[in-house]
Amino acid sequence: MTDLKKLEAETLAAVTAAKDEPALEAVRVGALGKKGSISELLKTLGTMSPEERKTRGADINALKDKVNDAINGKRGELKHAAMGAQLAADKVDVTLPVRLPAAERGRIHPVSQVIDEITAIFADMGFSVAEGPDIETDFYNFTALNFPAGHPAREMHDTFFFNPKPDGERLLLRTHTSPVQIRTMQTQRPPIKVIIPGRTYRCDSDQTHTPMFHQVEGLVIDKVSHLGHLKWILAEFCKAFFEVDDVKMRFRPSFFPFTEPSMEVDIQCDRSGGEVRFGEGTDWLEILGCGMVHPNVLKNVGLDPDEYQGFAWGMGIDRIAMLKYGMPDLRAFFEADVRWLRHYGFRPLDLPTLAGGLSS
Ligand code: DAH
C-alpha cells in the first residue's frame, strides 16, 4: 500500500469511528488543519519537479477532497443523531396527572369555613362583623358584663389569668366573645347589629372541649327589638346553616349575668345511627345561650335602659361545625395533622355564599 492509501485508510477509519462532533473535529484538524497530515503533504508539492507535482499533486488533492467529503457526511450524521437524542429526552408524557397549583392543593380549615358560612348568613340579614382582643381585662370580660365581684359565675369560666402586673391588675384570656359587646357599645351608637366571631379560652380539655375554642356572639341594640326578633333570627340562621327546610328549636330558661331573661337554645335532632340529622328525631342538642341585654350592661356603657333595649347570643362555633360536617373529635381540630385537613378541609376558591351554596 502506498503512503497515500495508508493515510486515506487511517483517516477514513478515524472519521467513521468519531462518536460525536468534537471527536470528528479532532480528526479534521489532525488531517486538514494547519499542521494536519494532509496539509503537510500539500506543503511538499513546492519542492517537487513539475512532472512529479502533476501526478502526486492530483493524488494528494483527491485524498483531501475524499477526506473532506467523508467528514462533512459524518458531521451531518452526528448532528441528526444528536437532534434525535435531544427530542427523545425532551419527550413530555401527556398521560401524567396534572400537578395542581398551590391555591388548589391547600385546604381551608373547617372552623374558618364555618365562620365564613356564619358571616355570609348574618351579613345577608344586615349584620356587620366586630372583633376584639383575645387578651382582655377583668373589666371587659366580667365586670362590665354585670358579673358582681366574687360572684360564682366568674369561677364557672375556668379562666386563664396572666401574672399580675406591678399595679396588681391581672389580664386574662377572654373566656367568651361577650366582652366585645361592651367594646362595640362603647364605640358605636345604636342601632347596633353585629356578630363577633373569635377565639375564646377556658382551662378545659376532653373530647368535646379544648382550652382554645371559638364562639360567635350576636348583639342587636335599638329601641324596639325583642325576643320575637331574636327567635326568628336564630331560626333563620339554623335553617340556612344546616341547609334544611325546618329546624325545631327549644328555648329553655337559664341564667347569664348579662341578660335578663336568659335562655339556652336546643335544636331537635336524631342521633341514632351514628350521624346527626336535623328537623327530626327525639334528641335535643344545646347550641347557644341568649337573652335580652341586662339593663345594668346598658348602663355600664352609658345607654339609658328606659330608652334602649336589645338582645344578644353566644354560640359555640366548633360544636356546630362538628355537627354539620360529622367530625367526631374536637381535639383533632387543633392538632394540625395535614391528613385530617385534607379529609375535612374545604377548597380555597369555593367561597360560601347564600346564592352559590354554603358548603357545596
Ligand atoms: N357568653 C356566654 C358563654 O360563653 C354565652 C352567652 C350567653 C352569650 C347569653 C350571650 C348571651 O351573648 O346573651 O357561656
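The values are calculated or read from the model by the stated rules, or taken from the named source; none is laboratory data. Since we're looking at a predicted model, the values are computed, not measured. A quick note on method: Cβ atoms are made from the backbone with ideal geometry, for glycine too, and the neighbour counts reach across all protein chains shown. When the accessible area is computed, the model is the full protein with side chains, heavy atoms only, and any ligands, DNA or RNA have been set aside. Shrake-Rupley method; radii C 1.70, N 1.55, O 1.52, S 1.80 Å.
Figures for the structure shown
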item	result
Subset of region 111-136 (residues that are open to solvent by less than 50 Å² (accessible area, probe 1.4 Å), under 15 Å from His214 (Cβ atoms) and of a type in the set (Val, Ile, Thr))	Val111, Val114, Ile115, Ile118, Thr119
Single condition Asp222 does not satisfy, out of (1) open to solvent by 10 Å² or more (accessible area, probe 1.4 Å); (2) under 21 Å from Ile287 (Cα atoms); (3) among the acidic types (Asp, Glu); (4) at pLDDT 95 or above	(2)
Hits in region 304-329 (condition: more than 16 Å from the ligand (Cβ to nearest atom) and either more than 13 Å from Phe241 (Cα to Cα) or of a type in the set (Phe, Trp, Tyr) (or both))	Asp304, Asp306, Glu307, Tyr325, Gly326, Met327, Pro328, Asp329
Number of the condition not met by Asp246 [criteria: (1) among the charged types (D, E, K, R); (2) outside any loop (DSSP other than H, G, I, E, B); (3) in contact (Cβ under 8 Å) with a residue 24 or more places away in the chain]	(2)
Close pairs (8 angstrom Cβ cut-off, 6 or more residues apart or separate chains): under 30 Å from Val15 (Cβ atoms) in region 77-97, among the charged types (D, E, K, R) anywhere	Leu78/Asp20; Leu78/Glu21; Lys79/Glu21; Ala82/Asp20; Ala82/Glu21
Subset of region 263-284 [open to solvent by 10 Å² or more (accessible area, probe 1.4 Å) and modelled with pLDDT of 85 or more]	Met263, Glu264, Gln268, Asp283, Trp284
Count of region 133-184 residues which are touching a Pro at 6+ places or on another chain (Cβ under 6 Å), within 16 Å of the ligand (Cβ to nearest atom) and in a loop (DSSP other than H, G, I, E, B)	2
Gln207 open to solvent by 60 Å² or more (accessible area, probe 1.4 Å), at pLDDT 90 or above and either more than 18 Å from Phe147 (Cβ to Cβ) or among the hydroxyl-bearing types (Ser, Thr, Tyr) (or both)	no
Any pair with Cβ under 6 angstrom, 6 or more apart, that starts in region 166-183 at a residue that is open to solvent by 50 Å² or more (accessible area, probe 1.4 Å) and ends at one that is part of a strand (DSSP E or B) and acidic (Asp, Glu)	none
Test: residue in region 57-65 that is in contact (Cβ under 8 Å) with a residue 24 or more places away in the chain and of a type in the set (Gly, Ala, Ser)	no
Conditions (1) of a type outside the set (Asp, Glu); (2) buried (at least 20 other Cβ atoms within 10 Å of the Cβ); (3) within 16 Å of the ligand (Cβ to nearest atom); (4) at pLDDT below 95: number failed by Cys238	(3)
Tabulated pairs, region 277-299, first on the phi > 0 side of the Ramachandran plot, second modelled with pLDDT under 90, C-beta under 6 angstrom, 6+ apart or interchain	Gly279/Val244; Gly279/Asp246; Gly279/Val247; Gly281/Cys269; Gly281/Asp270
Which numbered condition Trp232 misses (of (1) closer than 22 Å to Gly132 by Cβ; (2) modelled with pLDDT of 95 or more; (3) among the hydrophobic types (A, V, I, L, M, F, W, C))	(1)
Matching entry among Glu25, Glu8, Glu40 (being open to solvent by less than 60 Å² (accessible area, probe 1.4 Å) and among the acidic types (Asp, Glu))	Glu8
Qualifying residue in region 291-299 (condition: in contact with a strand residue (DSSP E or B) (Cβ under 6 Å, 6 or more places away or on another chain) and open to solvent by less than 20 Å² (accessible area, probe 1.4 Å))	yes
Region 330-360, subset over 25 Å from Asp124 (Cβ atoms) and basic (Lys, Arg), residue surrounded by the fewest Cβ atoms within 10 Å (Cβ to Cβ)	Arg339
Given (1) touching a residue at least 24 places away in the same chain (Cβ under 8 Å); (2) under 30 Å from Ala321 (Cα atoms), number of the condition Ala102 does not satisfy	(1)
Matching residues in region 212-235 - criterion: being more than 11 Å from the ligand (Cβ to nearest atom), among the β-branched types (Val, Ile, Thr) and not in a helix (DSSP H, G or I)	Ile221, Val224
